[in-house]
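*Asks:* Would you mind keeping the following structure in view while I ask a few things?
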Amino acid sequence: MLFTSEQLTNRFEQLFHEGREYWDLQKQYLSLHAAEVLTRLLSMVVLLSILILVGSMVLLFGSFAVAYWLGELLDSTLLGFAVIACLLLVMSLLVYANRKSWIYIPITRFMVRLLVTSALPSPSQEAITMEKAHLREKLDENERELKNTASTLLEPASPAKNKWDNASNLLQHGLTIYRGVQIGVSIVGALRRVFRGK
């Protein structure tokens, strides 16, 4: 299939526009993926840090300061230590039970604001996952369009079956060389128009 110079230029402009759109979609997809992974990672780091801090407080402050005071009130040092340890255990369970609202959601909002270029309806894990799936579909569709456009531009001549086809193929190869030069000129023209239009 032979194209005129203007058709080639238009095809290459289309190819470059599709390539630019594909790049933008890929960038959005990767930023959502990074936000999802970093949110999980930071949530776990914060949760573990809080649990370690509370655990340290259970050992240090519970066993020495208040436990002795409660031990004096209850006439049993052992009972004083046990009450404080139970209170701090309840506190750590409370933090763990509310980890989504106290840790996970604020970190998700922060990471979405930090990394995601497009606005999400709500910065939650579900919204990020849905937006990723939507962008993945658009990326796949855009990739198919790029392949179709490139294949129509660069499809080879059919193989020779006899002498006449061989002669025709030789002529086709000569035209292909001419078309290659034409494509090169068209690429330069399309690049100028695409980047001049930015």
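*Asks:* Out of Ala127, Ala119, Ala157, I need the residue that is modelled with pLDDT under 75 and either surrounded by 14 or more Cβ atoms within 10 Å (Cβ to Cβ) or assigned to a helix (DSSP H, G or I) (or both). Which one?
*Replies:* Working: Ala127 fails: modelled with pLDDT under 75; Ala119 fails: either surrounded by 14 or more Cβ atoms within 10 Å (Cβ to Cβ) or assigned to a helix (DSSP H, G or I) (or both).
The match here is Ala157.
For every residue, the table says whether it meets (1) touching a strand residue (DSSP E or B) at 6+ places or on another chain (Cβ under 8 Å); (2) surrounded by 12 or more Cβ atoms within 10 Å (Cβ to Cβ); (3) of a type in the set (Ser, Thr, Tyr).
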| residue | (1), (2), (3) |
| --- | --- |
| Leu53 | no, yes, no |
| Ser76 | no, yes, yes |
| Ala97 | no, no, no |
| Ile105 | no, yes, no |
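*Asks:* Being under 24 Å from Asn98 (Cβ atoms), of a type in the set (S, T, N, Q) and under 27 Å from the mean Cα position of the chain (by Cα) is the filter here, so list the residues in segment 22-73 that pass it.
*Replies:* Thr39, Ser43, Ser49
*Asks:* Which count do you get for residues in segment 90-111 that are without any contact (Cβ under 8 Å) to a residue 60 or more places away in the chain and more than 19 Å from the chain's Cα centre (by Cα)?
*Replies:* Selection size over segment 90-111: 14.
*Asks:* Could you list, ordered by first residue, the pairs with Cβ atoms under 7 Å in which the first is in segment 50-63 and more than 19 Å from Thr77 (Cβ to Cβ) and assigned to a helix (DSSP H, G or I) and the second is at pLDDT 85 or above and not polar (S, T, N, Q), at least 6 apart or interchain?
*Replies:* These pairs meet every condition: Ile50/Val95; Val54/Met91; Val54/Val95.
The values are calculated or read from the model by the stated rules, or taken from the named source; none is laboratory data. Since we're looking at a predicted model, the values are computed, not measured. Here the Cβ is made from the backbone with ideal geometry for all residues, glycine too, and neighbour counts use every protein chain on show.
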